[in-house]
1. Can you name every one of the helices (runs of 4 or more DSSP H) wholly within region 146-259 that holds 3 or more residues which are open to solvent by 10 Å² or more (accessible area, probe 1.4 Å) and at pLDDT 95 or above?
2. Only one of (1) farther than 17 Å from C189 by Cα; (2) open to solvent by less than 60 Å² (accessible area, probe 1.4 Å); (3) not in a loop (DSSP other than H, G, I, E, B) is not met by N290, so which one is it?
3. Give me a count of the residues in region 260-277 that are outside any loop (DSSP other than H, G, I, E, B), in contact with a strand residue (DSSP E or B) (Cβ under 7 Å, 6 or more places away or on another chain) and open to solvent by 20 Å² or more (accessible area, probe 1.4 Å).
4. Quick one: would you say K305 is over 22 Å from W76 (Cα atoms) and surrounded by 14 or more Cβ atoms within 10 Å (Cβ to Cβ)?
5. Could you name every one of the helices (runs of 4 or more DSSP H) located completely within region 37-138 that has at least 1 residues being open to solvent by 20 Å² or more (accessible area, probe 1.4 Å), within 22 Å of Y159 (Cα to Cα) and modelled with pLDDT of 90 or more?
Amino acid sequence: MLKKIKMELDKIIFEIKYFLIFKNKIKKINIVDIKQPLILISQIQRSGGSLITQLFDNHPETYNYPHELFIFKPVWKWKSKANFFVYKMPEMRIYAKKKRYYKNAKAKWSENYEFNFDLNMQKYLFERKYTNKGRESFDNYFTSFFNSYEFKLNKFKKYIIAFTPRVNMEMESVDEFFKIYPDGYMINCIRNPLNWLASATKTMKKYSEPNFALRMWLESTKNSLKIKKKYKRSILVNFEELIINTENVMSKITQIINIQYSEDLLNPSFNGKDILSNSSFEAKFKIDKNVISRNKYIDTSIIEKDLLNECLKFYEISKKNSI
């Protein structure tokens with residue numbers, strides 16, 4: 001009882017505090033409800049998830065979440081009850097404060113982009129309609145986020161696009177996603193294991209040991225194939241094909257999810273502005289076809305032979321099951 005009373009008091013204090021700040025601001029804007037289904041892109045890191053979101057960035061029928069969608073902790077553990085406090089996420093707080101967004105801040109070729117996001121407005125809009133009721137809570141979260149973010153809001157958009165790494169590696173999380181979003185889609189992008197390894201070992205310390213890294217790649221790939229078999233609204237994308245034949249792959253995706261094809265889907269962007277690749281190697285604004293030949297940097301003699309053969313086997317299987 002005391003806990004419930006305290007929660008109610010905290011809510012009243014919050015309402016008074018933020019009402020004074022935002023009452024005039026909210027009068028000037030028309031809050032648009034964001035209830036569209038989510039298209040979640042998920043696979044092991046360094047496989048092309050960021051690129052796909054950036055290709056959708058300027059499409060008129062999608063809301064694009066501008067950063068990895070970190071809702072749960074760890075991020076790939078989807079649950080019916082979520083922690084949506086994005087304003088407690090350090091990266092988003094920094095972006096909001098600086099009004100600049102940067103995907104790969106450590107790279108010497110990194111660019112940053114204008115980022116107009118009102119963190120306090122998002123907090124206010126979210127908590128005034130706080131709920132933990134499955135889909136309703138997700139709708140409330142995305143409504144609060146996109147209405148606090150400089151974005152083209154309209155009721156004609158069909159989907160929300162977001163990327164969260166490694167959800168595909170937990171089948172319970174995958175099941176939970178489709179339970180919340182039976183009208184959504186999951187896109188899993190699979191990259192050649194040696195090209196992937198060259199990027200992963202260069203970027204992420206936890207993948208510095210090649211045999212451990214490839215076991216993780218293999219787990220991700222096998223799970224993506226299981227998801228494809230279990231769920232009709234699962235889309236498997238081959239990364240190398242996406243790079244070589246971007247138009248063909250993106251056209252197929254638009255047919256599946258029933259949105260209009262647009263040439264905007266051929267160039268990665270952030271709020272309509274060309275964005276540099278999130279590559280571990282020197283980046284370019286346009287799609288860099290060099291990413292499909294990173295395997296030349298890998299010394300295969302240090303990789304367990306049976307493991308490498310199994311990875312290459314499942315890569316070929318994934319290619320046959322990709323769009």
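1. Ranges flagged: 171-180, 210-230, 239-244, 246-257.
2. Result: N290 fails condition (2) only.
3. Filtering region 260-277 down to residues outside any loop (DSSP other than H, G, I, E, B) leaves 263-266, 269-270, 273-274.
If we keep only those that are in contact with a strand residue (DSSP E or B) (Cβ under 7 Å, 6 or more places away or on another chain) as well, we get 270, 273.
Add one more test, that the residue is open to solvent by 20 Å² or more (accessible area, probe 1.4 Å), and what stays is 273.
Result for region 260-277: 1.
4. Spelling it out, it is not the case that K305 is over 22 Å from W76 (Cα atoms) and surrounded by 14 or more Cβ atoms within 10 Å (Cβ to Cβ).
5. Working: elements: 49-56, 90-98, 119-128.
Qualifying helices (runs of 4 or more DSSP H): 49-56.
The values are calculated or read from the model by the stated rules, or taken from the named source; none is laboratory data. Please read these numbers as outputs of a predicted model, since none were measured by experiment. In this analysis, Cβ positions are derived from the backbone assuming ideal geometry, glycine residues included, and neighbour counts consider all displayed protein chains. Quick note on the areas: whole protein, heavy atoms, side chains included, nothing else; ligands and nucleic acids left out. Shrake-Rupley method; radii C 1.70, N 1.55, O 1.52, S 1.80 Å.
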